[in-house]
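Comments concern the structure below.
The values are calculated or read from the model by the stated rules, or taken from the named source; none is laboratory data. Because the structure is predicted, anything quoted here is derived from the model rather than measured. Neighbour counts run over all protein chains shown; Cβ positions are idealised from the backbone, glycine included. To get the accessible areas, we keep the full protein, side chains included, count just its heavy atoms, and leave off ligands, DNA and RNA. Shrake-Rupley method; radii C 1.70, N 1.55, O 1.52, S 1.80 Å.
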Amino acid sequence: MTNRMVIVALDYSSPELALQFVDKIQSNSCALKVGFELFLSGGPHFVEKLVAKGFKVFLDLKFHDIPNTVAQACSAASKLGVWMLNVHASGGPGMMLAAREAIDKQDVSFQPKLIAVTVLTSMNQDTLTAVGVSGSVDQVVTKWAAMAEQADLDGVVCSAQEATLIRAQSDPKFMIVTPGIRLLSDNKDDQKRIVSPSDARTAGVTHIVVGRPITQAKDPCAALEVFREAFVSA
Ligand code: C5P
């Protein structure tokens, strides 16, 4: 079983604001997720800065393109020293295999975990039908997760509500990474389907992605500890 970990979504509008939080926390207390907004404002150098501070960085750029282009993007991302990166499972087995091969070719100390986004939690049955994907959300998520595991990826991003199904069909080491996590006392923000850290743990989730309940808390370090207690230490 993979060690459980909290990943803090650094959804800040500037690297300066992100650093105000980062500089208050220990590098072994969590991993940090850098998404489009912060990558576009801080650039690759900001990612390297976080890596140099000793943090595990999840570069959440969700690559989805022809296999060769995705492979090149994965090689470039690996060279930043990130701990984990992701691609869309809907890119298909060929694209995921190309990403896997590109990472395996890197020097062993620069081989990030590679995970696949299954069905985005913002999509529902109607959206799947509208884009021409047949089957229920559960069927598509479990099929794409199996496809990712067959392509030798290290795990998937999914809703915690699908985690039990994926855990049942996959290797115990297969990482299940889930956003939409809230404590009962938290504001739901714009998340519709929320799951508590302890329910996520029970469902077999290995990594929870938490943003605003930590980054916008009065005391972000204390908030991180609460999530760690509920998900990692419990
Ligand atoms: O602030 P909050 O905890 O809702 O942040 C969740 C993070 O996870 C954000 O960075 C969001 O973009 C990301 N995410 C998500 N739902 C997905 C995929 C990613 O909330 N399906």
### Query
Of all helices (runs of 4 or more DSSP H) completely enclosed by the stretch 164-234, which ones contain at least 1 residues that are without any contact (Cβ under 8 Å) to a residue 12 or more places away in the chain?
197-202, 220-228
### Query
What are the residues in the stretch 107-137 that are assigned to a loop (DSSP other than H, G, I, E, B), exposed (fewer than 15 other Cβ atoms within 10 Å of the Cβ) and more than 21 Å from the chain's Cα centre (by Cα), if any?
ASP107, VAL131, GLY132, SER134, GLY135, SER136
### Task
Sort out which residues of the stretch 71-91 are among the charged types (D, E, K, R) and open to solvent by less than 60 Å² (accessible area, probe 1.4 Å), and write them in order of number.
none
### Summary
For the stretch 11-70 the number of residues that are out of contact with any Pro (no Cβ under 9 Å at 6 or more places or on another chain), open to solvent by 70 Å² or more (accessible area, probe 1.4 Å) and outside any helix (DSSP H, G or I) is 10
### Message
I'm trying to understand the selection: among the residues of the stretch 81-91, which are touching a strand residue (DSSP E or B) at 6+ places or on another chain (Cβ under 7 Å) and in a loop (DSSP other than H, G, I, E, B)?
### Response
VAL82, TRP83
### Message
With the structure loaded, tell me whether SER27 is within 15 Å of the ligand (Cβ to nearest atom), small (Gly, Ala, Ser) and closer than 22 Å to ALA217 by Cβ or whether it fails that test.
### Response
no
#### Entry: Within the stretch 172-215, considering residues that are of a type in the set (S, T, N, Q) and within 8 Å of the ligand (Cβ to nearest atom), the one modelled with the highest pLDDT
THR215
### Message
Out of everything in the stretch 138-163 that is loosely packed, with under 15 Cβ neighbours inside 10 Å and either of a type in the set (S, T, N, Q) or within 19 Å of LEU32 (Cα to Cα) (or both), what residue ends up being nearest to the ligand (Cβ to nearest atom)?
### Response
GLN139
### Message
If I filter the stretch 199-207 for residues that are of a type in the set (Lys, Arg) and surrounded by 14 or more Cβ atoms within 10 Å (Cβ to Cβ), do I get at least one hit?
### Response
yes
## Note on the structure
Counting only residues in the stretch 92-106 that are open to solvent by 30 Å² or more (accessible area, probe 1.4 Å) and part of a helix (DSSP H, G or I), the one nearest to the ligand (Cβ to nearest atom) is identified as PRO93
### Message
Condition first: out of contact with any Gly (no Cβ under 8 Å at 6 or more places or on another chain) and farther than 20 Å from ALA102 by Cα. Now tell me which residues in the stretch 147-167 satisfy that.
### Response
VAL157, CYS158, GLN161, GLU162, LEU165
